[in-house]
1. Go through (1) free of Cβ contacts under 8 Å to residues at least 12 places away in the same chain; (2) in contact with a strand residue (DSSP E or B) (Cβ under 7 Å, 6 or more places away or on another chain) and name the single condition residue 566 misses.
2. Sort out which residues of the range 143-165 are of a type in the set (A, V, I, L, M) and touching a Lys or Arg at 6+ places or on another chain (Cβ under 8 Å), and write them in order of number.
3. Using the structure shown, decide if residue 197 is surrounded by 20 or more Cβ atoms within 10 Å (Cβ to Cβ) and either farther than 18 Å from residue 280 by Cβ or of a type in the set (A, V, I, L, M, F, W, C) (or both).
4. Kindly establish whether residue 86 is within 14 Å of ligand 1 (Cβ to nearest atom), charged (D, E, K, R) and surrounded by 19 or more Cβ atoms within 10 Å (Cβ to Cβ).
5. Please indicate, with yes or no, whether at least one residue in the range 130-139 is within 14 Å of ligand 1 (Cβ to nearest atom) and among the acidic types (Asp, Glu).
6. Applying the selection to the range 454-499, what residues are away from ligand 1 (no atom under 16 Å from the Cβ), in a loop (DSSP other than H, G, I, E, B) and among the basic types (Lys, Arg)?
7. Between residues in the range 200-215 that are closer than 14 Å to residue 266 by Cα and more than 11 Å from ligand 2 (Cβ to nearest atom) and residues that are in a helix (DSSP H, G or I) and of a type in the set (Gly, Ala, Ser), which pairs lie under 6 Å by C-beta distance while being six or more apart or on different chains?
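The values are calculated or read from the model by the stated rules, or taken from the named source; none is laboratory data. Since we're looking at a predicted model, the values are computed, not measured. Positions of Cβ are generated from backbone atoms using ideal geometry, with glycine treated the same way; all protein chains shown enter the neighbour counts.
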Amino acid sequence: MSDDGSTNDNKKTLRSQAWFGRQDKMGFYYRSFLKNSGQPQDRFDGRPVIGICNTWSELTPCNIHFRDLAEHVRRGVLDAGGYPLEFPVSSLGEVTMRPTAMLFRNLASMDVEEAIRAHPLDGVVLLMGCDKTTPALLMGAASANLPAIGVSGGPQLRGNYRGQIIGSGTNIISMSEQLRAGEITMAEFHEAEAGMNRSSGSCMTMGTASTMASMVEALGIGLPENAAIPAVDARRNLLARMAGRRIVDMVQEDLKPSDILTREAFENAIRTLAAIGGSTNAVVHLLAIAGRVGIDLTLADFDRLGRDIHCLVDLMPSGRFLMEDFYYAGGLPAVLRALGERGLLNKDAVTANGRTMWENVATAPNWNAEVITPFEAPFKPEAGIAILTGNLAPDGAVIKPSAASPELMVHTGRAVVFESVEEMHHGVNDEALDIDASCIMVLKNCGPKGYPGMAEVGNMPLPAKLLREGVRDMIRISDARMSGTAYGTVVLHVAPEATAGGPLALVKNGDLITLDVPARSLHLHVSEEEMAARRAAWVAPEPHATRGYQRLYIDHVLQADRGADFDFLVGRSGSPVPRDNH
Ligand code: FES
Ligand code: MG
């Protein structure tokens, strides 16, 4: 019995007791206000206090079901004898936020980190969905380093339109090109919109959201099956409930993000990224998360670890199926098992459920070898994200070979340069644009500082006149990102970016560029003397903001090869109990 008469059979004094365990003026204050929701005295007896970090928002339609999901987490916490407290953090809706949700990822990560540290919490459940809330919450939780478990919102059901399966993003891109080419009507276009998004959840292609949900599972910071259970499948609620139960034990075990997010875990994530043909955006996010826990992850790690990995899952945007099919086929555990059987998994990596990665997946079944192909007959061989370097990208650039055209993987072409995204949009609809299918489209000033926020504009639309000729892919190079649901021979994340004075800024119309993916090279055929002369004449573009958060962002954002985190956010501060507030 504790001195206030309640039962406390907990094994150790938890952080929250620095608030709720006080038997003085401040203890009265902390407990009393929380009692306005009808909490009994025994809530404050030293049991684990669990924050449910919720990114629900009507402006983030992919997370629209998170109030319900939080309720299942809450029941799990109560099942296990914890005290759940749900709290909101910044929500980042990929679709509607402009200029790009990525601009706000670091802001949200600060919100999460500071909220965890400031409150009487012993552990947190992170409710994550859509593209950016997953990295934001993992980054914040890693810096706060209190026991944390991730629960993803799950993908939508398959899109359905006129008897056809349609995939998020991927079919938006193909249908908008069909519309521009005059192949479908506007009415058909509108009808497809409703058919694509017919349930709550994240994009159901292997876009960025599903990729990041897979990273949660591969890193071991979420429970097995986290990646693929559809948002509206009851088993998603069960997973949330089990996470609520499990976090209570994680607090007692003091199993922190730094115990789970090890180098071995990141290596597992990178290999998984290749095996699922995941989004290039994961490169930026994993680098940023690793930076928070002090793991020295580099672009070279992605190339080295992903190089020999085959893409096993036949999912859009590269393939045929969708996340719902992936779940029914066995989901990510089946992929992790396939990697493990090839010696491509750090089997001893600790995961959130207290078991090792291999203990979780060693017997995982594969119910459908069309969706999850065997390693011997993979959907796409050697499909890891390739890291390119060369005089056009001294600090690296990325390309996703599984989404590219094989005939363009080694190609020299004439540059057609756009200084801004607006210029590019005008140019691709300009019938007089001097361009043919062998040219290389170059887009500048769309990187972290330049846009700002490194928008998903790297998969430039092809020129209308070439689309009409039947051209469906061309090499495109930029300092931007691209949607994980997009495809094409697209070189992204060129670092340093143009706005920061990278060589990309110096490319001119008519320059020859060679892309050589097998050699991992991106070369601009311009002499060093000429480059020096162009550099001397180069004037940095005016920044898009001179005050406020965007100013902070432009001043402090790191380049893509460092994860585009803020320089002052790299690392972690843990969660010591802050000073008294009164
Ligand atoms: Fe939210 Fe794709 S827009 S997951
Ligand atoms: Mg996106």
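1. For residue 566, the failing item is (1).
2. Residues satisfying the conditions are 144, 146, 148, 149, 157, 165.
3. no
4. no
5. yes
6. If the condition is that a residue be away from ligand 1 (no atom under 16 Å from the Cβ), in a loop (DSSP other than H, G, I, E, B) and among the basic types (Lys, Arg), then 472 is the only one that fits.
7. 215/269; 215/282
To keep it simple, each residue is scored yes or no on (1) surrounded by fewer than 24 Cβ atoms within 10 Å (Cβ to Cβ); (2) under 28 Å from residue 493 (Cα atoms); (3) of a type in the set (D, E, K, R); (4) in contact with a Cys (Cβ under 8 Å, 6 or more places away or on another chain).
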| site | (1), (2), (3), (4) |
| --- | --- |
| 359 | yes, no, yes, no |
| 373 | yes, no, no, no |
| 393 | no, yes, no, no |
| 397 | no, yes, no, no |
